[in-house]
1. Being surrounded by 11 or more Cβ atoms within 10 Å (Cβ to Cβ), assigned to a strand (DSSP E or B) and in contact with a helix residue (DSSP H, G or I) (Cβ under 9 Å, 6 or more places away or on another chain) narrows it down to one residue among 134, 185, 157; which is it?
2. When residue 92 is evaluated against the numbered criteria (1) within 30 Å of the chain's Cα centre (by Cα); (2) at pLDDT below 80; (3) surrounded by 10 or more Cβ atoms within 10 Å (Cβ to Cβ), which criterion, by number, is the only one it fails?
């Protein structure tokens, strides 16, 4: 019987080839490692940018609201300052009006002669001019006589018992009050009516002596 013998070199060559083939197959069979997803990174960047944009928008709206409130406050304070300055000047003119009114009252006597009547007419003309000037500036007198007493507009100098007027009614205006727009320049000084007090009742059975 004939036997075939294989040389060691050939046998080792086959083994090496087998080993090489097995390594290549292992490399090909190994799954490839995946890198970061570009789409996910883009979406994350857009989300972060949107959040930051909303934050800046909120900051801008808050600052805009603060500036608008500041502007309104400045305008209001400016208007109040102007009104206060005008009120101070106009209040200084009111004693002049009072002087004219007193002067006109002194000429109302029946014994006033022709000369005094001419003075009265001159005073009346100047008084009307001054009153018209104040009215054009927004200064108006406060209604007092016959009105219900208002502590916000009237200053009670005295009270008088009477049945001719209702309780707490202004009987007489002692000094004219004035308003400048919605601001009180000075209150009207008035006399206020009160009800007469009833006499004390005597006990039954007693007679006046």
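The values are calculated or read from the model by the stated rules, or taken from the named source; none is laboratory data. Nothing here was measured: the structure is a model prediction, and the numbers come from that model. Methodologically, a virtual Cβ is constructed for each residue, glycine included, from the backbone with ideal geometry; neighbour enumeration extends over all protein chains shown.
1. When all the criteria are applied, what remains is 185.
2. All conditions are met except number (3).
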